[in-house]
Amino acid sequence: MTRRHPIISGFFSSVAIFAIAGAVLACAPVWATTIENLQTAYNGESNAHARYLAFAKQADKEGYGEVASLFRAAARAEEVHAMNHSAVIGELGGVAKADVQEPVVKTTRENLEEAIKGESYERDTMYPGFLKQARSDHNTGAIRTLNLAKSAESEHARLFAASLSNLEKLKGSKSVTHYVCPTCGFTARETNFKECPSCFTSKNKFEKVA
């Protein structure tokens, strides 16, 4: 039986170790930034869910029933976004984590202004940046969940802005039904469509939130 020289054997062993290590490093951290971005988004949506529920209570207290129902619908949508982000984080080998803070609640006018600011930031800055990274990573799961959330946030910003501009007229209003897509969180006052404009879920599956 042919015996290898110890130095040669050691050389081949080292080559094998470096080859294995290289393969692991090449596969493992490819989506590290995207996972971090999804964690940030998950945390943001989780806090938005808690914040909007608190804003809804304040709106009810002040007699803005219609605004309160909008906040509750948006809260449900943010919950859907968080669930979607969590699922993708899990698929990528991570564990979704959120640090939900006690919401700072002010007047309904101020709460609407804060909501518009938050939704606009996510629509114009946060999600576009995260999507750029996800596309660079060619991560289809991340692209889908981030894009669907971005579309819903755009609609939320519009709905909040409409409520703010008509706030005086909404004093003394009662809650109204909003419709939330359980797949992507798209939120609407009326279902004058057959399928969700964002993810094509049947409108029959939309959740009613009042």
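Bear in mind that the values in this text are calculations on the coordinates, not laboratory data. Only a predicted model underlies this, so the values are computations on that prediction, with no experimental measurement involved. Cβ coordinates were reconstructed from backbone atoms using ideal geometry, including for glycine residues, and neighbour counts include every protein chain displayed.
Taking PHE71 as the residue in question, decide whether it is surrounded by 22 or more Cβ atoms within 10 Å (Cβ to Cβ), under 19 Å from CYS181 (Cβ atoms) and among the hydrophobic types (A, V, I, L, M, F, W, C). Write out each step before concluding.
Numbers: surrounded by 22 or more Cβ atoms within 10 Å (Cβ to Cβ): yes; under 19 Å from CYS181 (Cβ atoms): yes; among the hydrophobic types (A, V, I, L, M, F, W, C): yes.
Spelling it out, PHE71 is indeed surrounded by 22 or more Cβ atoms within 10 Å (Cβ to Cβ), under 19 Å from CYS181 (Cβ atoms) and among the hydrophobic types (A, V, I, L, M, F, W, C).
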Does ALA82 satisfy being farther than 17 Å from GLY172 by Cβ, of a type in the set (A, V, I, L, M, F, W, C) and in contact with a helix residue (DSSP H, G or I) (Cβ under 9 Å, 6 or more places away or on another chain)? yes
Only one of ALA149, ALA115, ALA162, ALA96 is more than 30 Å from VAL30 (Cα to Cα) and either touching a strand residue (DSSP E or B) at 6+ places or on another chain (Cβ under 6 Å) or touching a residue at least 12 places away in the same chain (Cβ under 8 Å) (or both); which? ALA115
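With segment 101-210 as the region, which helices (runs of 4 or more DSSP H) entirely inside it contain at least 2 residues that are buried (at least 18 other Cβ atoms within 10 Å of the Cβ), within 16 Å of the chain's Cα centre (by Cα) and small (Gly, Ala, Ser)?
It comes to 108-121, 140-165.
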Six or more apart or on different chains, Cβ under 7 Å: which pairs go from a residue in segment 189-204 that's of a type in the set (Asp, Glu) to one that's surrounded by 15 or more Cβ atoms within 10 Å (Cβ to Cβ) and assigned to a loop (DSSP other than H, G, I, E, B)? Could you list them? GLU195/THR201
